[in-house]
Each structure stands twice: as C-alpha cells, then as structure tokens.
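Structure first, commentary second.
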Amino acid sequence: MSSGSTMVDQGAPDLGSLRLRGLLTLVTGIVLVVAAAFALTAGVGAIWHKVTATPAVAATSAAAAPASSSTASLKLSVNPAPLGGVKGPDGLVHDAFVPGALTMTAGTKYDVTVYNYDTQSHAWMLPELNIDVMVPAGSASSPSVTHFTITPKSAGTFQWFCPLPCDKWGMAHDGFMRGYLTVKS
C-alpha cells in the first residue's frame, strides 16, 4: 500500500447512522402504540356513552316530567345533507344541529329523535332542564339515531349547547352547536 492512499471500509455503517435509524424506529413504534391505544379508548368510550348515557337521560327526563295529555315528535339533525353542516356568515360550512332554535309548549311531552350524519360524536345539553344526551358518531350514508324526551314544566327561554369540542366556530355561534329552546305556556 502506498503512503498517499487511505482505506475506507464501505461495508460497516457509521455509529451516527445506526443511532438515527434506531431513534426513528423507536419513535415510529411509540406513535403506533399511542395511536392504537387512542383508537381503542375512543371506541370503548363511544360505546360506554351509548350504553350508559342515553337510557339514563331518557329515564331522568321521563321521571322528572309531569304526566301530560299530549305528546309531540321533534326531529333534530347534525350536519345534514347537502352541505354536511350549515354555511355560516363567514362563508364556511360548520357543524350544526338543525334546527338550532326550538319552540315547545309547557306541559307537553316531546319525543326527540336526533340523526347524526357527522363522523364525530356530539352532545345536546340543556342544564336548566336536566338534559345531557350523548349523540354517537354516524355517517352521511348511515346516521346514528338517538332518542330522548323533554317535558318542559314552565315557560322560559333556555340555551342548549354541544359541550364536546368539535367545531370551534360553531360552538361559539347560535344556530350551529348552540341555540335556544323557547317554552311557551
């Protein structure tokens, strides 16, 4: 070998490259485990809410309601077609319960059916009337269907809202993920 030549071993990777490859493998593994755990807990949570929340709310509402001589039906939709939401004054389509403003008569029992066309769960909460209903995720072609009852006892105006973080803009504006129930005597 001459004194001016240098030998380079091209068969062995350098230590920095091995460390980087190991770090990337570790980070990828952690991300996959966290994603799997999140998917599992989100699915279990949705099932748990469907099993526990909806029947309890209907039972609570019915138990607190006085006997009434009439029953009315009410339909709510979350993100119905054709837009999959409601177009706001900002020009964008936002998550929304439709209709956003409701009117009821005191003493009348209302059977409420909610059709959720969104792939995300929502909730319909009205604390003054003890209503807190979980609305499981559905899809545009197969909406989830949730039933509950409301029998308002006295006249007034009450604000309802979705407490689950969904559409930040929609949650801050009436007629989208919040609105009013007006009860007439």
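Summary of values
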item	result
Residue in region 84-94 that is within 18 Å of the chain's Cα centre (by Cα) and either under 28 Å from THR71 (Cα atoms) or among the polar types (S, T, N, Q) (or both) present	no
Test: residue in region 131-142 that is free of Cβ contacts under 8 Å to residues at least 40 places away in the same chain and not in a loop (DSSP other than H, G, I, E, B)	no
Answer from TRP169, TRP124 - the residue that is surrounded by fewer than 19 Cβ atoms within 10 Å (Cβ to Cβ), within 16 Å of the chain's Cα centre (by Cα) and touching a residue at least 12 places away in the same chain (Cβ under 8 Å)	TRP169
Candidate set: region 100-121, residues that are part of a strand (DSSP E or B) and over 22 Å from THR157 (Cα atoms); chosen: the one nearest to the chain's Cα centre (by Cα)	ASN116
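Every number here is computed from the coordinates shown, using simple stated rules; none is lab data. Note that the coordinates shown come from a computational prediction; the quantities given were computed from them, not determined experimentally. Every residue, glycine among them, receives a Cβ derived from its backbone with ideal geometry; neighbour counts consider all protein chains shown.
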